[in-house]
Amino acid sequence: MGFILAAVGSAVGLGNIWRFPFQAGAEGGAAFLFVYLGFIALIGFPAILVEFVIGRRTKRNPVGALKELGGDRWKYVGGIFVVTGFVLLSYYSVVAGWFFQYFITGLFEGYTATTPEELGAAFGAASSGTSALLAHAAFMIAVTGIIVAGIRSGIEIAVKVMVPGILFILLGLAAYGAFAIPEASQAYAYYLQPDFSVIAENWQTLLPAAAGQAFFTLSLGMGVMITYASYLGEDRNLAEDAAVIVSLDTFIAVLVGFVVFPFIFQAGADPTEVGPDAIFVSLAQAFATIPGGRLLGVVFFGMVVIAALSSAISILEMLASYLIDEFKWERPKAAAAAGLAVFVLGIPVTIDLVFLDLFDGLADSVLLVLGALLVVLFVGWVIPEDGLDELTTGVENIGSLGSIWLWAVRIPIAIVLVISLYLGATGYLEFLADDFLGWLNG
Ligand code: PHE
């Protein structure tokens, strides 16, 4: 039970609540949702099992695990995980700081902005400058403190409160949208009715976007699930545990869409133009208009900060355990050094949002997909017998499902990931050449 709670704590976070709605909006709503759900079921689920089998087989951190099973050169894959972790956590913490500020606003002032201009100004104030920097610092201090102290039971309690709490508020807001927002039906049409000709036309952007979002939200591609599964008993059925984690995580993300899109349509905004401000703008508006909104808002934003903490902890734990194992540092020193490095790396994001695109694009479109591809190839081709044996440990009878999983991992999944990585990397290079160079040149 502790394992499921920790894994859910890692998976459920800003990926579901902040990143999913604006990815879905920007990539065409239903077209994205359709490709994303397909990706989660056909690739995300088998891929989480890949990390689980490595972790439980070796009971070690990702670097040690890959080295033990595959020999010395596989430890460099662990090096990729570490780079990904630093980059991802640096902006993750900044965005968590935005939620923290909305929580503070609700606590001391309440939510008053209702027009697009006011909502935009409030987001601008929270997302850059001194307050963004301070909130980023506060978040990293909290994450580092928890890793130094090594508090495990706290996380389990937090997850037990936070997940039902978030679900409850989201369901309430979704119901409010359905009954009280006249534009809701347009919103649902945008979110739920895929146009297959659009999918066929845009698959080259939909596929890498769905891949990146799927790995981000399931905490895959950087060894976090390897680490967590290393604490797992032989009696657990890995596929069952994975199914629980994947369904819960996906349910929460999809539900966020049901909340955010009605508000976006009500405000008359163009859903394809939404960005990282989508959840803030739509929910701040909701909490300003709904009766009892202030209290709901404080509770909701507070719980999202806890959800972000339980995800960030899983990343910093991976980074710290690498420093502990590889350089034989003491735990407090390792955690503090990693936490400080992450904080410094995140500072540019508090100055200009172009750095959010720079870091998120690198981590999400390139590094996570690369990491996931490498572990998929590793289990599929380097240690297939170990992999299959571990998958079936603790299971009474899964018939041919095990070998179907192995063959899916070996060929079709590996191919889709190669294509996703190629498209994601070329898209990122285009961003660098156009947007980022353009920004540098003023
Ligand atoms: N899955 C987390 C979220 O959705 C983020 C995360 C990514 C955590 C990768 C660990 C590793 O917020």
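The values are calculated or read from the model by the stated rules, or taken from the named source; none is laboratory data. Since we're looking at a predicted model, the values are computed, not measured. With ideal geometry, Cβ positions are generated from the backbone for all residues, glycine too; neighbour counts draw on all protein chains shown.
When the range 261-276 is limited to residues that are at pLDDT below 95, in a loop (DSSP other than H, G, I, E, B) and not small (Gly, Ala, Ser), the one that is farthest from the chain's Cα centre (by Cα) turns out to be Asp270.
Residues that are crowded, with 23+ Cβ neighbours inside 10 Å, within 16 Å of the ligand (Cβ to nearest atom), at pLDDT below 95 and not polar (S, T, N, Q): does the range 78-97 have at least one? Yes - at least one qualifying residue is present in the range 78-97. From the list Phe32, Phe52, the lone residue that is within 16 Å of the ligand (Cβ to nearest atom), assigned to a helix (DSSP H, G or I) and modelled with pLDDT of 95 or more is Phe52. Per this entry, Thr250 is not counted among residues that are modelled with pLDDT under 95, outside any loop (DSSP other than H, G, I, E, B), within 16 Å of the ligand (Cβ to nearest atom) and among the polar types (S, T, N, Q). May I ask you to say which residue of Ala284, Ala363, Ala335 is within 23 Å of the chain's Cα centre (by Cα) and within 14 Å of the ligand (Cβ to nearest atom)? Result: Ala363 is the single residue among Ala284, Ala363, Ala335 that is within 23 Å of the chain's Cα centre (by Cα) and within 14 Å of the ligand (Cβ to nearest atom).
Is it true that Ala307 is crowded, with 21+ Cβ neighbours inside 10 Å, among the small types (Gly, Ala, Ser) and not in a loop (DSSP other than H, G, I, E, B)? Answer is yes for this residue.
Ala320 meets all of the listed conditions (1) within 20 Å of the chain's Cα centre (by Cα); (2) modelled with pLDDT of 95 or more; (3) among the small types (Gly, Ala, Ser) but one, namely (2). Pairs linking a residue in the range 419-434 that is under 13 Å from Asp357 (Cβ atoms) to a residue that is assigned to a helix (DSSP H, G or I) and of a type in the set (Gly, Ala, Ser), with Cβ atoms under 8 Å and 6 or more positions apart or on different chains, are Gly427/Gly361; Gly427/Ser365; Tyr428/Gly361; Tyr428/Ser365; Phe431/Gly361. Among the residues of the range 55-77, those that are more than 14 Å from the ligand (Cβ to nearest atom) and small (Gly, Ala, Ser) comprise Gly64, Ala65, Gly70, Gly71.
In the range 200-241, of all residues being within 11 Å of the ligand (Cβ to nearest atom) and part of a loop (DSSP other than H, G, I, E, B), the one that is surrounded by the fewest Cβ atoms within 10 Å (Cβ to Cβ) corresponds to Leu220.
When the residues of the range 117-170 are filtered to those that are closer than 30 Å to Ser321 by Cα and of a type in the set (Ser, Thr, Tyr), the one that is surrounded by the most Cβ atoms within 10 Å (Cβ to Cβ) is Thr144. Just wondering, is there one or more residues in the range 118-128 that are within 15 Å of the ligand (Cβ to nearest atom) and more than 20 Å from Thr227 (Cα to Cα)? No; the residues of the range 118-128 include none that is within 15 Å of the ligand (Cβ to nearest atom) and more than 20 Å from Thr227 (Cα to Cα). Taken together, Ala341, Ala372, Ala334 contain a single residue that is small (Gly, Ala, Ser), closer than 13 Å to Phe86 by Cα and part of a helix (DSSP H, G or I), which is Ala341. When restricted to residues that are modelled with pLDDT of 95 or more and touching a Ser or Thr at 6+ places or on another chain (Cβ under 8 Å), the range 376-399 contains 0. For residues that are of a type in the set (Val, Ile, Thr) and farther than 14 Å from Met222 by Cβ, tally how many sit in the range 72-102. Number of matching residues: 2. Among the residues of the range 44-57, are any farther than 15 Å from Thr227 by Cβ, surrounded by 24 or more Cβ atoms within 10 Å (Cβ to Cβ) and under 16 Å from the mean Cα position of the chain (by Cα)? So far as the range 44-57 goes, yes, one or more of its residues are farther than 15 Å from Thr227 by Cβ, surrounded by 24 or more Cβ atoms within 10 Å (Cβ to Cβ) and under 16 Å from the mean Cα position of the chain (by Cα).
In the range 28-45 there is at least one residue that is in contact (Cβ under 8 Å) with a residue 60 or more places away in the chain and on the phi > 0 side of the Ramachandran plot.
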